[in-house]
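In what follows, a structure is listed as structure tokens, so that the remarks can point back to it.
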Amino acid sequence: KWKPNTFAVTLSFSPSGSATTKFANGSFDYGTDVTMRWTPASGYQTLNVKDNTDVVTVSENSYTINDIKTAHNVVVNMVQIKHKLSFGQNDGVVYQTEDVAEYARFQFPTTVSGTIPAGQSFVGWSTAPNQNSLSAVVGVPGGYETMKTQDLTYYAVLVPIVYHVSIAAAVDGTLVSF
């Protein structure tokens, strides 16, 4: 009895867990077409797709093998999406930038680059430059935050140093405490 040739088709992701699919690895008849679709995990995007080590063209996280004539080992290479994370001085001058993966945790610096003007104190980080009140602080020095899905810049918040002085006098006008 005649039996059609079948060929194994496998789909995998690198790194593992960086995408999901409903495609089931299996054997497919000679000459058939097979379409594979996948959904990147949160914070990932497709870098490239290799079919038996050859880089192939894909469209919207989908790849079709037309007219199967051999086995296919398809590997979808995924990459973490990264955004720019920057820190700047109160006046808006940025002094530190790095690439951080979406949804990764990062730590706010505990100091500011440069000189803090006399009579002011560094109290935290704001998303707007030239802030000088505690209500503008959205990031605490040494605190942690999760990277968003866009580039972010934080600026140092500087507040005036305020001194409180108490003077007490006795009934006769002499100084009791200072």
Report summary line: When every residue in the stretch 11-44 that is under 29 Å from GLN150 (Cα atoms) and in contact with a Leu (Cβ under 8 Å, 6 or more places away or on another chain) is compared, the one surrounded by the most Cβ atoms within 10 Å (Cβ to Cβ) is TRP38
Report summary line: Wholly inside the stretch 56-174, strands (runs of 3 or more DSSP E) that include 1 or more residues that are within 30 Å of PRO15 (Cβ to Cβ) and among the aliphatic types (A, V, I, L, M) are 62-65, 72-80, 82-88, 94-101, 152-160
Requested in this report: State which residue is farthest from GLU102 (Cα to Cα) when the search covers only the stretch 45-63 and only residues that are in contact (Cβ under 8 Å) with a residue 24 or more places away in the chain, of a type outside the set (A, V, I, L, M) and open to solvent by 60 Å² or more (accessible area, probe 1.4 Å).
Outcome: LYS50
Report task. Hey, can you tell me all the residues within the stretch 105-137 that are touching a residue at least 40 places away in the same chain (Cβ under 8 Å) and open to solvent by less than 40 Å² (accessible area, probe 1.4 Å)? Result -> PHE106, PHE108, VAL112
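So which of GLU102, GLU98 is in contact with a Ser or Thr (Cβ under 6 Å, 6 or more places away or on another chain) and either at pLDDT below 95 or of a type outside the set (A, V, I, L, M, F, W, C) (or both)?
Details: GLU98 fails: in contact with a Ser or Thr (Cβ under 6 Å, 6 or more places away or on another chain).
Exactly one residue qualifies, and that residue is GLU102.
The values are calculated or read from the model by the stated rules, or taken from the named source; none is laboratory data. Computed from a prediction, not measured in an experiment: that's the story for all the values here. Cβ coordinates were reconstructed from backbone atoms using ideal geometry, including for glycine residues, and neighbour counts include every protein chain displayed. SASA here: full protein model, heavy atoms, side chains in, ligands and nucleic acids out. Shrake-Rupley method; radii C 1.70, N 1.55, O 1.52, S 1.80 Å.
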